[in-house]
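Scroll down for the structure; my scribbles are underneath it.
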Amino acid sequence: MLEMIVSSFMVGFFVAIPPGTVTVVATQKSILYGFKSSLFFTFGSCISDIFYIFVVFFGIAPIFANSFLLKVIFWYFSSILLFYFGYDALMALKNGTGVSKTQSEERTLLKNILSGILITLSNPMTIAGWVVIAGGFFTHWKGEWPSIHQYGMLSIMVMMLGVLFWFIPLLFFISKVKIFLNSYVIKGFLLISALFFIGLGFFSIFSATNLIFR
């Protein structure tokens, strides 16, 4: 039982470490709007992760992974969100890195959670990643562990604890050290993240169009 819990935790933890879209957005929010904003964005992302792990757990991942229509929709919708985050970074760069109290209040709890859900849910690479990682984990569930049908849900929750165990300290640290960063460093990060999002947005459009016309 303990080995299963530890293994599930490590799966979530190591999945969270490689930097990707969620990491960049969460870092951007932590720098611009503070720890709370980035934390709720991460919670939203975890909701989508849990959904996809359930999809893998119940064996219906091929419906998502092999559906031409869903792939096209996901790629196009993902490009819209990526362009939005790129635009958001450019506007922050243009208007300066300080955020007024009124602007901060506009970053509502629901908005951050929803953006986290959408950016993760619409990313075709998310379902592909969880198919490989969670799918492999569930497939090789050790015989000496408790029944996967009884403890599979517990395993999924522990995986997400592993994800949060990486993100929460990281985002808290970033939100605290940003006061030691000069404006040039912050502006440089915003410019790089904007180019990152816009570049991924064009890649998403290309991927969707390639699916249609190939």
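The values are calculated or read from the model by the stated rules, or taken from the named source; none is laboratory data. In this text, all values refer to a predicted model and were calculated from it rather than measured experimentally. Using ideal geometry, Cβ is built from the backbone for each residue, glycine included, and neighbour counts are taken over all protein chains shown. Accessible surface is based on the protein model in full, side chains and every heavy atom, while ligands, DNA and RNA are left aside. Shrake-Rupley method; radii C 1.70, N 1.55, O 1.52, S 1.80 Å.
Only one of the numbered conditions (1) closer than 19 Å to Lys36 by Cα; (2) over 18 Å from the mean Cα position of the chain (by Cα) is violated by Pro169, and that is (2). Evaluate the following for Ile186: is it among the aliphatic types (A, V, I, L, M), open to solvent by less than 30 Å² (accessible area, probe 1.4 Å) and at pLDDT below 95? The answer is yes for Ile186. Evaluate the stretch 51-69: report whether one residue or more is at pLDDT 90 or above and surrounded by 14 or more Cβ atoms within 10 Å (Cβ to Cβ). Looking for residues that are at pLDDT 90 or above and surrounded by 14 or more Cβ atoms within 10 Å (Cβ to Cβ), one finds at least one in the stretch 51-69, hence yes.
Among the residues here, Leu195 qualifies as among the aliphatic types (A, V, I, L, M), open to solvent by 70 Å² or more (accessible area, probe 1.4 Å) and assigned to a helix (DSSP H, G or I). When Met10 is tested against (1) within 10 Å of the chain's Cα centre (by Cα); (2) open to solvent by 30 Å² or more (accessible area, probe 1.4 Å), only condition (1) is not met. Beta carbons closer than 8 Å, at least 6 apart along the sequence or on distinct chains, pair a first residue in the stretch 177-196 that is closer than 23 Å to Tyr84 by Cα with a second that is of a type in the set (Phe, Trp, Tyr) and surrounded by 13 or more Cβ atoms within 10 Å (Cβ to Cβ) for Ser193/Phe85; Ala194/Tyr87.
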